[in-house]
1. Inside segment B:173-264, counting only strands (runs of 3 or more DSSP E) that do not spill past its ends, which hold 1 or more residues that are aliphatic (A, V, I, L, M), within 8 Å of chain A (Cβ to nearest Cβ) and surrounded by 14 or more Cβ atoms within 10 Å (Cβ to Cβ)?
2. Sort out for me the helices (runs of 4 or more DSSP H) sitting completely within segment A:19-113 that have 1 or more residues that are within 30 Å of residue B:188 (Cα to Cα) and away from chain B (no Cβ under 14 Å).
3. Residues being within 11 Å of chain B (Cβ to nearest Cβ) and of a type in the set (Gly, Ala, Ser): count how many of those fall in segment A:140-157.
4. Answer yes if at least one residue in segment A:158-181 is within 7 Å of chain B (Cβ to nearest Cβ) and modelled with pLDDT of 95 or more, and no otherwise.
5. Got at least one residue in segment A:45-57 being surrounded by fewer than 24 Cβ atoms within 10 Å (Cβ to Cβ) and under 21 Å from residue A:70 (Cα atoms)?
6. If I filter segment A:230-242 for residues that are more than 30 Å from residue B:236 (Cα to Cα), of a type in the set (A, V, I, L, M, F, W, C), out of contact with any strand residue (DSSP E or B) (no Cβ under 6 Å at 6 or more places or on another chain) and facing chain B (nearest Cβ under 8 Å), do I get at least one hit?
7. Any residue at all in segment A:250-270 that's in a helix (DSSP H, G or I) and either within 28 Å of residue B:156 (Cβ to Cβ) or in the same structural domain as residue A:151 (by TED's automatic domain parsing) (or both)?
8. Do the conditions hold for residue A:139, that is, is it within 24 Å of residue A:254 (Cα to Cα) and in contact (Cβ under 8 Å) with a residue 40 or more places away in the chain?
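The values are calculated or read from the model by the stated rules, or taken from the named source; none is laboratory data. Predicted, not measured: the structure shown is a model, and the values here were computed from it. A quick note on method: Cβ atoms are made from the backbone with ideal geometry, for glycine too, and the neighbour counts reach across all protein chains shown.
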Amino acid sequence: MAKVWVYAEMNGGKLQSTALELMAKARELGDVEAVALGSGAKAAASTLGKHGAKVVHVNEDKAFDDFIAEPAADALAALHEQSQPDLILFAFTSDSRDVAGRLAARLGKGLISNAGDVDANDGGFVAKVPYFGGAKMASMRPNSKPAIVLVRPKSFEASETGGTAEVKELVVTIGDGSKRARIVERVAEASEKVKLEDAKVVISGGRGMGGPDNFPLLEALANALGGAVGASRAVVDAGWVPYSMQVGQTGKSVRPGVYIAVGISGAMQHTVGMKASKVIIAINKDAEAPIMKMADLGVVGDALKIVPALTAAVKAKKG
Amino acid sequence: MTISRRRDNGCLVKIVVTVKQVPDPNATTVLEADNTVARDREVVLDPGDECGIEEGLQLKEAHGGEVILVSMGPERARDAIRKGLSMGADRGVLITDEQLAGADVLLTARALAAAIKPEQPDLVICATESYDGSTGMVPPMLAELLGLPQLTIAKKVEVDGTTIKVHRQTADGYQVVEASTPALITVTAGIAEPRYASLKGIMAARSKEIKLVGLGDLGIERGEPGETIEGVADAEARKAGAIIEDDGKAVDRIMQVLAQAKVV
């Protein structure tokens, strides 16, 4: 059996959902050992066990909570000195990317980033990576041992198998030399009622919304449907809405029951983050926009008229 | 800025900005039969790097010093550096070598690190990720290879003496992250509105130095690539459904779809 590590990202003492998504895949690929670092790691270990981890390496040093990347890279490198896995899986998230890059450079290994899937193949692994903006899918074989692969969130569905992990203390000393980029304050800006990643309905706006002043129209529709509002990179870059709302390759990946793209042309950069949605509805002035070619229903018309009318219809139906 | 040290060349601060020439994100692009990106397509300075250069220039204007652009690519990538020089950067270094064609992230990071190290910068600024590759892996690798702390996804940067503080974007807001320089930061597109090059700037850029270096100059040998591309296939495409013109009844059709999906 291949030996697979999962870097189980922790944040604010909580195990991140991406860790459990990775577990679902990792246990198909071999014997899984998870690594959980920082506050809450021991509590996370039992969850990871239920999701198929045979061993969970834990260390609850505060340095993992307070400093970017370096303490975690130290811990993984120390563990790697004791035993070498065939594959290390990371989530393609900000925090895990920081750790994976440092670790790979320290070990002198290559890595595969932004993968959508990874499978065992011919004694090794093959990762599927969106290529050419997502129009193509490249099959990439890592040449290094361990292979290091970063997988996009929402690529796998988490599920419990029921099991108990052996919890092992990961012995490492985090020196001052690794306590450098210190998180001194955490500020929550968005008071999201429904988290974009977890919403059953997502309504996203793009340039076709005309300006930031029209985004409340989308919020009203989202409120009526119990959904969340997303956005394209173009309008985030233009400063209309915060980055936390960005859906796409460089933003969040979502797979809601219904995705409503309003005034979004459908550049690959965007669609790679939402094309796994069950139903896609597009509202756009341009019948030729790429988003129309992938929508279950494409409506050619004026979003600023259609969206408020739709909100009223939803409210009327729900009473 | 408190002057912590004075360099031999008289500069107070050295800022390196990594830059990349990428296919024009606004141009229609095609793939060749062998699945490589057509080489003759329009290329531009990565828009994310323009923001990094702008941030570097603003820090220079506030604190003094020198802004050096370091890039890796074919010789024509000089154009991307030249654009940054016309915005106001002081000089450029281009790592160019046939051996680097198709370089993986580790080789890219090693080459950049080798070119940057002799500069002994106080600050290295990278875009969070490139427009074309979007792997986002070069900056953390570069930080490790240069032995620098990394302050990533910064949407705001403050420098005070040898302390650097950034607002690091998170899913629900931001973190304030602090470190001592030298350090590496990655910046988001929202950090600063890139300036347009003035005519004076464009003229001045013509005489600014762009140093070309090869892998041999950097003492690097190309190793085994980190990955092998075994095949490229069309991504699973969704089938288009109905496309209707809004004749006043579009809302009814949308409501039908929402009802089928059981969300109303």
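1. Correct list: B:173-180, B:183-187, B:227-234, B:242-245.
2. Answer list for segment A:19-113: A:63-66, A:70-82.
3. Residues in segment A:140-157 being within 11 Å of chain B (Cβ to nearest Cβ) and of a type in the set (Gly, Ala, Ser): 2 in total.
4. yes
5. Checked against the condition, which is being surrounded by fewer than 24 Cβ atoms within 10 Å (Cβ to Cβ) and under 21 Å from residue A:70 (Cα atoms), segment A:45-57 yields no hits at all.
6. No, that holds for no residue.
7. yes
8. no
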